[in-house]
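Shown next, in structure tokens, is the structure this report addresses.
The values are calculated or read from the model by the stated rules, or taken from the named source; none is laboratory data. Bear in mind the structure is a predicted one, so any value in this text is a computation, not a measurement. Here the Cβ positions follow ideal geometry from the backbone for every residue, glycine too, while neighbour counts run over all protein chains shown.
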């Protein structure tokens, strides 16, 4: 065995109480990273952090809504309080509207998905870029979506948020490069997470799944481990010369 790939690093992973975020937090911890596990769901986040600790890793649950400035400030404060420093932020928390015609999404829902999916990037930048500058560098990994590269009908406003995440990440990478702050994206295809039925817009039956799988050349949905492995690479020093990229983890969906 080589050295753990994130040995001695500290990361914040948002939306880490389930799905991709849980997979990312667990993978990072397994590679020697101390993790702030953030989620709006108390029980889920506590469970993930406790499981990491019981497996010999370092993790602390911090409740918070990534669309609220005070909550995001608390994530940085918690990282410094518990682990003394911060190296990596994974902006994974996200939400969607149900797959439906674009006129069916009401204004409150539109505002909510932009707040969670896009404003969260603004807020983590506001609170954490100054810290990374003082520290001499840092890494953001933003979980966007294939929806931001190849938008499909039914998810128009969600597609827009993910397009915003991708372009924002590239702009951040260009501006923050001189500060040795790297910013990259991972674009998952539809996965077996809590948002699956909302993305599909129909019940999760074998027949309905087959329609979605037919659009993915490798013939399956993404798994948390797939996304976690991509985030691990981009967050690690192996990727020290990589910034401003979007890595599709999509089984060929965007080809």
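Among the residues of the stretch 100-113, what is the count of those that are within 24 Å of residue 14 (Cα to Cα) and in contact with a helix residue (DSSP H, G or I) (Cβ under 6 Å, 6 or more places away or on another chain)?
2
If the Cβ limit is 7 Å and pairs must be 6+ apart or interchain, which residue in the stretch 87-102 that is farther than 19 Å from residue 180 by Cβ pairs with which residue that is modelled with pLDDT under 95 and outside any loop (DSSP other than H, G, I, E, B)?
What qualifies is 96/198; 96/199; 98/198; 99/198; 99/199; 99/200.
I'm trying to understand the selection: among the residues of the stretch 54-67, which are surrounded by 15 or more Cβ atoms within 10 Å (Cβ to Cβ) and outside any strand (DSSP E or B)?
57, 64, 65, 66, 67
Name the single residue, out of those in the stretch 149-159 being part of a helix (DSSP H, G or I) and touching a residue at least 40 places away in the same chain (Cβ under 8 Å), that is farthest from residue 93 (Cα to Cα).
156
List the pairs whose first member sits in the stretch 3-32 and is within 21 Å of residue 222 (Cα to Cα), whose second member is modelled with pLDDT under 95 and buried (at least 20 other Cβ atoms within 10 Å of the Cβ), and whose Cβ atoms are under 6 Å apart, counting only residues at least 6 apart or on separate chains?
19/193
Looking at the stretch 216-245, which of its residues are outside any helix (DSSP H, G or I) and surrounded by fewer than 16 Cβ atoms within 10 Å (Cβ to Cβ)? Walk me through it before giving the result.
The initial filter retains those residues of the stretch 216-245 that are outside any helix (DSSP H, G or I), namely 216-223, 236, 240-245.
Those that are outside any helix (DSSP H, G or I) and surrounded by fewer than 16 Cβ atoms within 10 Å (Cβ to Cβ): 217, 218, 219, 220, 240, 241, 242, 245.
Answer yes or no: is there a residue in the stretch 125-136 that is more than 14 Å from residue 246 (Cα to Cα) and touching a strand residue (DSSP E or B) at 6+ places or on another chain (Cβ under 6 Å).
Residues of the stretch 125-136 more than 14 Å from residue 246 (Cα to Cα): 125-136.
Pick out the ones that are also touching a strand residue (DSSP E or B) at 6+ places or on another chain (Cβ under 6 Å) and you get 128, 132.
Within the stretch 125-136 (the criterion being more than 14 Å from residue 246 (Cα to Cα) and touching a strand residue (DSSP E or B) at 6+ places or on another chain (Cβ under 6 Å)), the answer is yes, since at least one residue qualifies.
Out of 183, 167, 116, 141, report the one residue that is in a helix (DSSP H, G or I), buried (at least 19 other Cβ atoms within 10 Å of the Cβ), under 16 Å from the mean Cα position of the chain (by Cα) and at pLDDT 95 or above. Don't jump to the end; show me each part of the working.
Details: 183 fails: in a helix (DSSP H, G or I); 167 fails: buried (at least 19 other Cβ atoms within 10 Å of the Cβ); 141 fails: in a helix (DSSP H, G or I).
Going through 183, 167, 116, 141 in turn, just one is in a helix (DSSP H, G or I), buried (at least 19 other Cβ atoms within 10 Å of the Cβ), under 16 Å from the mean Cα position of the chain (by Cα) and at pLDDT 95 or above: 116.
Which of the numbered conditions does residue 85 fail, given that it passes all the others? Conditions: (1) closer than 21 Å to residue 9 by Cβ; (2) surrounded by fewer than 18 Cβ atoms within 10 Å (Cβ to Cβ); (3) in contact with a helix residue (DSSP H, G or I) (Cβ under 6 Å, 6 or more places away or on another chain).
Condition not satisfied by residue 85: (3).
Checking the condition outside any loop (DSSP other than H, G, I, E, B), modelled with pLDDT under 95 and either touching a strand residue (DSSP E or B) at 6+ places or on another chain (Cβ under 8 Å) or surrounded by fewer than 16 Cβ atoms within 10 Å (Cβ to Cβ) (or both), which residue from 173, 210 passes?
210
Any idea which of 152, 133 is on the phi < 0 side of the Ramachandran plot, touching a helix residue (DSSP H, G or I) at 6+ places or on another chain (Cβ under 6 Å) and surrounded by fewer than 22 Cβ atoms within 10 Å (Cβ to Cβ)?
133
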